[in-house]
Amino acid sequence: MSDAGYDHAAVERRWQEAWDEADVYRTPDDVEDPTYVLGMYPYPSGKLHMGHVRNYTITDAYARFRRLQGDDVLHPMGWDAFGLPAENAAKERDTNPRDWTFDCIETMRGQMESMGFGYDWEREIATCTPDYYKWNQWLFARFHEEGLVDRRDAEVNWCPECETVLADEQVEGEAELCWRCDTPVEERELEQWFLKITEYADELLEDIDELEGWPNSVRQMQRNWIGRQEGTELEFSIEGHGSVTAFTTRVDTIHGATFFALAPDHPISEQVAETDEDVHHFVEEEADPEGDEPNGVETDLTATNPVTGEEIPVYVADFVLSDVGTGALMAVPGHDERDHAFATKMDEEIVPVIAPEPDDWDSETVPEAPDVSEEAYTEDGVLVNSGEYSGLESGVARERLTDDIDTAEWTTQYQLRDWGISRQRYWGTPIPVVHCHDGCGSVVLSEEELPVELPEFINTTGNPLDEAEEWKETTCPECGGAATRETDTMDTFVDSSWYFLRYVSPELDEAPFDLEQANDWMPVDQYVGGIEHAVMHLLYSRFFTKVLADHEGLEHREPFTNLLAQGMVQLEGEKMSKSKGNVVSPQRIVEEYGADTARLFMMQAAQPERDFDWSEEGVRSTYAFLTRLQGMVEEYDDPDGDDDAVASYVDGEIDATVAIATEKYDELTFNRALREVQDLVRTLRQYAEYAEPHADTYERGLSAVVRLLAPVAPHIAEELYDELGYDGFAAEAEWPTAEIDRDHVRKRRQLVENTREDVRDIVDVAGIEDPQAIDVVVAPDWKYDALEIAVESDAPNLIGELMQESHIREQGDAAADYGQDLQAEREALSTTLGPDAEREALEAAAWLLEREFEAPVTVRRAEAVDESVLKNAEPGRPAIEIEDGSEN
Ligand SMILES: [Zn+2]
Ligand SMILES: [Zn+2]
């Protein structure tokens, strides 16, 4: 299949070795503020998949482009090497996670090298080495010193299959499934270590506004995750239990509160459950916070509404969550959908207290109450049935009620929770804590005692660290007495929250990163990775960066200036996955067609953010393109054609391609850049077929193509650059430049394209088999003038306005006809190049028609032809006359 192509294997090997030998991708420590281009480091699962290849081709192409623009570039790679799959794989294969992980790393590094990714491998990091995870431990201790670490009992998400605690973010969907294995998650109470990310909630939220280089979707996901809500906290008194604090964003609806609800694990619920059978049964058996339907049970208690003094029934209900708000709420079924569903089920009263604001509302009268028996009215509006507050707008009422109710105050609530980092697994960073047997409590280890290294792996169903008896037994650094090591390890998201800083000084022994270097080199200029990391990884990285800015002198408060979330590579519209068996192996593609083909196909198939379908046919045609290009360069042999109109056309296209492709590379819209380059290759090929090319033009074209392809197809670019006789590497060449007038180029290309299409149509429709001659007739000057007037005019009667110009009026019926055409298309009109520039452009492009239709082409001025022909000539769309040989 591919044997007709060029010898990609030899070409790619040759240049990979040459780059390596010349250290082309090395970033020395002494460069100042390099452009930092980073792909999210992979989990070493065994092999690169297409998602990786796409991610890293994007960063590599951009890093190469920046280097060719003359920038110093930092483009490192490393391994997110801790995590559960390695532990599971080790168990299955009866090996240990370390060996398994390093095997995977070696394989994947080899694959990356074969893809031609230009990394500075001297900066490689693997998070599972003590050199790296020592600094996770150090950072934990620093966070602890700054009061940002907490140990507390917590309900945790427990995956019974993975036997581990999961962060909220690792529990997926309504069904609350484990993100790794899709097992339904359970709840457990455990002592856990937390990083207090909530202390940064406001800053994390507010700074999102400044992340202008991030996709809006990601920014919105982060906002939602932090979930800041302004509302009112107020107290309801429950007989026999004192006052209970509730939170609501809608205190304006308080007159419609017809019952009160407590979370199943609220302290009052737990007290009641001790004596009330029904409540006990509900709490223990029935409560299902994940369920679609709200469930609950009525208690014997009543709560007193602090505004109306009314006593309302108290429920224990599973839609009230203890970790959201206060775990207690006033239920307003008339104006909240969930409360409405619950009230309907329990046959509780539903009272409307907010009416939609009438269009002609005079703000004096109280509008009519809406019917909320079937459906809650959830918008703001005007208060009704609310005593002295009736007739107020919702916003005003919220303020006044919060002022008037003694116990009420404005507060801010967040969805964001502190980050539980404890994992009961082996293959992670040991949390650097010992538990003293003699009363010192949990002691965080200081720097001299780090790293706490992992002991040998023990194959067991639970946490191997629990069974590493010798390792566990230690002494307390405070009292010297007996102590036990903490056996939990850290969530691997700790590792990835600062790895981008480690690349700056990967060998450093004294600190996690060199501060001065990090201040110079950070932030990452362009970060690229999957949208699945839009919340956790990116939010945690932002949190770490802010803490390091506050306490370690980092001069940056955000880690990533520009973020690109790349789309998926699909097969027949579906995500590739091992379980579906629809996986295309990057390795096979590289073997069969070469890395350049794989890279080029991917980058031209779609904009990086979009999903696209893998197509074997697309791969083959990409390979054919590179093979043809290689042939063109090889066959190039100092031609001696003239610097004629054709050459000037080609020159114009070279300039346009260079200018547009450069702009598109800069915007990371590689597909657009590559379309330009491929069009230019076609033009050059057609040029060489049509005539003996002008040497300077043709060579300049080939040279531009080779350099413009270098970011995406780097190996073949080197090969052809060498073939063209240049010294040095294409990877370090001078990027071509050209000045163009974009508007002029767009109009010129449109004109040529319109003309070619019209000729094709006429040949088609008239069934012309053997065109003898083609005349292209440019419209008369007055039509250009008329068009210009039409574009600029906003007069209602365009024809009247045109007829004020005597030289247009003189055209009589022709002017009236054209005026009507213009009037009809008025909205869509735009100016063209003008008569002289159009004639010139058509003359330069005439060879394309001659080549395509094998007939001489003459570009004529309007004065030279008949009235009947002229009728069809318009600015931007010349008239066409074809002489048909077969008829004569
Ligand atoms: Zn699981
Ligand atoms: Zn002690």
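The table for this structure:
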read-out: Qualifying position, being closer than 21 Å to THR127 by Cβ and free of Cβ contacts under 8 Å to residues at least 12 places away in the same chain, among GLU448, GLU510, GLU469; value: GLU510
read-out: Test result for GLU838, open to solvent by less than 40 Å² (accessible area, probe 1.4 Å), closer than 23 Å to VAL759 by Cα and among the acidic types (Asp, Glu); value: yes
read-out: Helices (runs of 4 or more DSSP H) contained entirely in region 207-319, each with at least 3 residues that are within 16 Å of LEU329 (Cα to Cα); value: 267-275
read-out: Residues (acidic (Asp, Glu), farther than 20 Å from ALA713 by Cα and in contact (Cβ under 8 Å) with a residue 60 or more places away in the chain) located in region 1-39; value: ASP29, GLU32, ASP33
read-out: Some residue of region 63-73 being among the hydrophobic types (A, V, I, L, M, F, W, C), assigned to a helix (DSSP H, G or I) and in contact with a Gly (Cβ under 9 Å, 6 or more places away or on another chain); value: yes
read-out: Members of region 469-495 that are open to solvent by 10 Å² or more (accessible area, probe 1.4 Å) and away from ligand 2 (no atom under 16 Å from the Cβ); value: GLU469, GLU470, TRP471, THR487, ASP488, THR492, PHE493
read-out: Those residues of region 528-541 which are within 22 Å of HIS75 (Cβ to Cβ) and buried (at least 21 other Cβ atoms within 10 Å of the Cβ), in sequence order; value: VAL528, GLY529, LEU538, SER541
read-out: Total residues in region 188-214, condition at pLDDT below 95 and open to solvent by less than 30 Å² (accessible area, probe 1.4 Å); value: 1
read-out: Residue check for ALA154: at pLDDT below 95, open to solvent by less than 40 Å² (accessible area, probe 1.4 Å) and small (Gly, Ala, Ser); value: yes
read-out: Tally of residues being assigned to a strand (DSSP E or B) and either open to solvent by 40 Å² or more (accessible area, probe 1.4 Å) or in contact with an Asp or Glu (Cβ under 8 Å, 6 or more places away or on another chain) (or both) across region 122-151; value: 2
read-out: Cross-chain or 6+ apart pairs with Cβ under 9 Å, region 170-181 first and at negative phi and open to solvent by 50 Å² or more (accessible area, probe 1.4 Å), then more than 9 Å from ligand 1 (Cβ to nearest atom) and among the basic types (Lys, Arg); value: none
read-out: Failed condition for GLU298, given (1) open to solvent by 30 Å² or more (accessible area, probe 1.4 Å); (2) out of contact with any Phe, Trp or Tyr (no Cβ under 8 Å at 6 or more places or on another chain); (3) of a type outside the set (Phe, Trp, Tyr); value: (2)
read-out: Qualifying residue in region 413-433 (condition: within 16 Å of ligand 2 (Cβ to nearest atom), open to solvent by less than 30 Å² (accessible area, probe 1.4 Å) and either out of contact with any Gly (no Cβ under 7 Å at 6 or more places or on another chain) or not hydrophobic (A, V, I, L, M, F, W, C) (or both)); value: yes
read-out: Enumeration of residues in region 79-96 that are in a helix (DSSP H, G or I), farther than 15 Å from THR107 by Cβ and open to solvent by 10 Å² or more (accessible area, probe 1.4 Å); value: LEU84, ASN88, LYS91, GLU92
read-out: Matching option when the condition is crowded, with 24+ Cβ neighbours inside 10 Å, within 28 Å of the chain's Cα centre (by Cα) and closer than 29 Å to ASN55 by Cα, among LEU668, LEU709; value: LEU709
read-out: Hits in region 215-232 - residues which are open to solvent by 50 Å² or more (accessible area, probe 1.4 Å) and either touching a Lys or Arg at 6+ places or on another chain (Cβ under 8 Å) or not small (Gly, Ala, Ser) (or both); value: ASN216, GLN220, MET221, ARG223, ASN224, TRP225, ARG228, GLN229, GLU230
read-out: Residue match in region 560-578 (condition: in a strand (DSSP E or B), surrounded by 15 or more Cβ atoms within 10 Å (Cβ to Cβ) and hydroxyl-bearing (Ser, Thr, Tyr)); value: yes
read-out: Subset tally (residues that are within 19 Å of VAL535 (Cβ to Cβ), modelled with pLDDT under 85 and either within 8 Å of ligand 1 (Cβ to nearest atom) or assigned to a loop (DSSP other than H, G, I, E, B) (or both)) for region 157-179; value: 6
read-out: Members of region 683-705 that are open to solvent by less than 10 Å² (accessible area, probe 1.4 Å) and either among the small types (Gly, Ala, Ser) or under 20 Å from ARG749 (Cβ atoms) (or both); value: LEU684, TYR687, THR697, GLY701, SER703, ALA704, VAL705
read-out: Test for ARG588: is it exposed (fewer than 15 other Cβ atoms within 10 Å of the Cβ), part of a helix (DSSP H, G or I) and not acidic (Asp, Glu); value: yes
read-out: Enumeration of residues in region 671-682 that are in contact with an Asp or Glu (Cβ under 9 Å, 6 or more places away or on another chain) and open to solvent by 20 Å² or more (accessible area, probe 1.4 Å); value: ARG672, ASP679
read-out: For GLY728: the one exception among (1) on the phi < 0 side of the Ramachandran plot; (2) not basic (Lys, Arg); (3) not in a helix (DSSP H, G or I); value: (1)
read-out: Selection within region 655-665 - closer than 15 Å to VAL745 by Cα, surrounded by fewer than 23 Cβ atoms within 10 Å (Cβ to Cβ) and in contact with a helix residue (DSSP H, G or I) (Cβ under 6 Å, 6 or more places away or on another chain); value: ALA656, ILE660
read-out: Some residue of region 635-645 being more than 27 Å from VAL11 (Cα to Cα), open to solvent by 20 Å² or more (accessible area, probe 1.4 Å) and in a helix (DSSP H, G or I); value: yes
read-out: Residues located in region 436-466, provided they are under 40 Å from the mean Cα position of the chain (by Cα), within 16 Å of ligand 2 (Cβ to nearest atom) and buried (at least 18 other Cβ atoms within 10 Å of the Cβ); value: VAL444, LEU445
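Every residue, every condition in (1) within 22 Å of ASP30 (Cβ to Cβ); (2) open to solvent by less than 40 Å² (accessible area, probe 1.4 Å); (3) modelled with pLDDT under 95, yes or no:
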position: VAL73; (1), (2), (3): yes, yes, no
position: MET77; (1), (2), (3): yes, yes, no
position: PHE102; (1), (2), (3): no, no, no
position: GLY110; (1), (2), (3): no, yes, no
position: ASP120; (1), (2), (3): yes, yes, no
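The values are calculated or read from the model by the stated rules, or taken from the named source; none is laboratory data. All values reported here derive from a predicted model rather than from experimental measurement. When we count neighbours, we look across all protein chains shown, and the Cβ atoms used for this are built from the backbone with ideal geometry, even at glycine. Heavy atoms of the whole protein, side chains included, go into the accessibility calculation; ligands, DNA and RNA do not. Shrake-Rupley method; radii C 1.70, N 1.55, O 1.52, S 1.80 Å.
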